[in-house]
Amino acid sequence: MAARKQRKADSGAGLRQNLRLASRLVLLTFAFTHFLNHMLGIWSLDAMEAGRLVFLAVWRSAPGEALLLASLLTHVSLTLWKTGRRRTLRLSAWQWAQLLLGLSIPVLLIPHAIGTGGLAARFGYDDTYRNVLSILWPGLVVNQTLLMLLVWTHGMIGLHFWLRVRQGYRRWFPVLLSVAFLVPVLASWGWIDAARRLKLTQNVPFPLTAEMIAWSDPLILWLKWGFYGLAGLAVTIVALRILRRRFVETIEIPYP
């Protein structure tokens, strides 16, 4: 009976691990293609708009949106589940980095997602680079740059600790590290340079209406507090498990 329960638990843990990996790879692919689109701003705004059409053909299609949303919900929920099941907060430096980055990303990602895809779905807002960059530059340049760095760093840490046991990874590590460093640098260069040129050459009117703002602002706040509530619940569960271990007599079985 005990062996059967253990096999079932191991099977469940393996399934959750595979789902987290698959969702991480989907989200990282989305971020990478999005950053590639930003890089086109090094050449021109027209190149960014042309690349955006290809990007949207994949990620705004019904299968693409379903895959992206499922991956996002899966990754967040399984991360919170894993955090809530911890019996200790003794984590390695890279685990703390992953956890803190993961908790920081939604603060900046939710407004960006609602302000682009959300408004496009609800109001038919045309979230072209011309419109989006006119909002981001110059007031939100720090927010957007920080969001890109958080997302990319979070993804690269997870990817590194997945690939580090693969054969040949150490040999290719310097090349892959250089690529990982260059992607956010070139992407930031692309969209910031395009936004700066747009501001200097065109007087783009503010593209959001009062109705859009009245709908998006409360939704952004609600989603943020919802995420904070889930994260707080996971931390509370960890704290209760730690207290239970401290005051309830248990035995520890080491496996050398």
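The values are calculated or read from the model by the stated rules, or taken from the named source; none is laboratory data. What you see is a predicted model, and the numbers here were worked out from it, not measured in a lab. No Cβ is skipped: glycine too gets one built from the backbone with ideal geometry, and neighbour counts run over all protein chains shown. Each accessible area value is taken on the protein alone, full model and side chains, heavy atoms only, with ligands, DNA and RNA left out. Shrake-Rupley method; radii C 1.70, N 1.55, O 1.52, S 1.80 Å.
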Practice task
With unit charges on the beta carbon (Lys/Arg positive, Asp/Glu negative), name the residue among 74, 251, 109 whose Cα is farthest towards the positive pole of the charge dipole of the chain.
Solution key: 251
Fill in the blank from the handout: Reported to the nearest 10 Å², residue 112 has, with a 1.4 Å probe, an accessible area equal to 40
Problem - Calculated from backbone phi, Karplus (6.51, -1.76, 1.60) coupling profile of the stretch 190-198 in Hz, x at Gly/Pro - result: x, 6, 5, 5, 5, 5, 5, 5, 4
Handout entry: For the stretch 71-82, 3J(HN,Hα) per residue [Karplus equation, 6.51 cos²θ - 1.76 cosθ + 1.60, θ = phi - 60°, Hz, x = Gly/Pro]
Key = 5, 5, 5, 5, 5, 5, 5, 6, 5, 5, 4, 5
Problem - In Å², nearest 10: area of residue 201 left accessible to a 1.4 Å probe - result: 110
Problem - Solvent-accessible heavy-atom area per residue, rounded to whole Å², over the stretch 43-124 at 1.4 Å - result: 57
Exercise for the section: Name the longest site-free stretch of the chain, where the excluded sites are GluC sites (Glu not before Pro) in a DSSP loop with no more than 13 other beta-carbon atoms within 10 Å. Expected result: 1-248
Handout entry: With at most 11 other Cβ atoms within 10 Å, longest stretch of the chain clear of loop trypsin sites (Lys or Arg not before Pro) (DSSP)
Key = 167-256
Exercise for the section: In a Gaussian network model over the chain where Cα atoms closer than 10 Å are linked, find which of 144, 167, 202 has the largest mean-square fluctuation. Expected result: 167
Completion exercise
Listed residues 102, 64, 190; largest mean-square fluctuation, Gaussian network over the chain with Cα springs below 10 Å, found at 64
Exercise for the section: Would you indicate which of [x] 143; [y] 134; [z] 171 is the value of volume of the Cα convex hull per residue in Å³ derived from the coordinates of this structure? Expected result: [z]
Exercise for the section: Counting helices only, and only those DSSP H runs with n ≥ 4, report the 222 nm mean residue ellipticity of the chain as the sum of -39,500 (n - 2.57) divided by its residues, in deg cm²/dmol to the nearest 500. Expected result: -28000 deg cm²/dmol
Exercise for the section: Report the accessible area of residue 126, computed with a 1.4 Å probe over the heavy atoms of all protein chains in place, in Å² rounded to the nearest 10. Expected result: 90
Completion exercise
Taking r as the C-beta separation of residue 66 and residue 90 and R0 as 35 Å, the FRET efficiency to the nearest 0.05 is 0.35
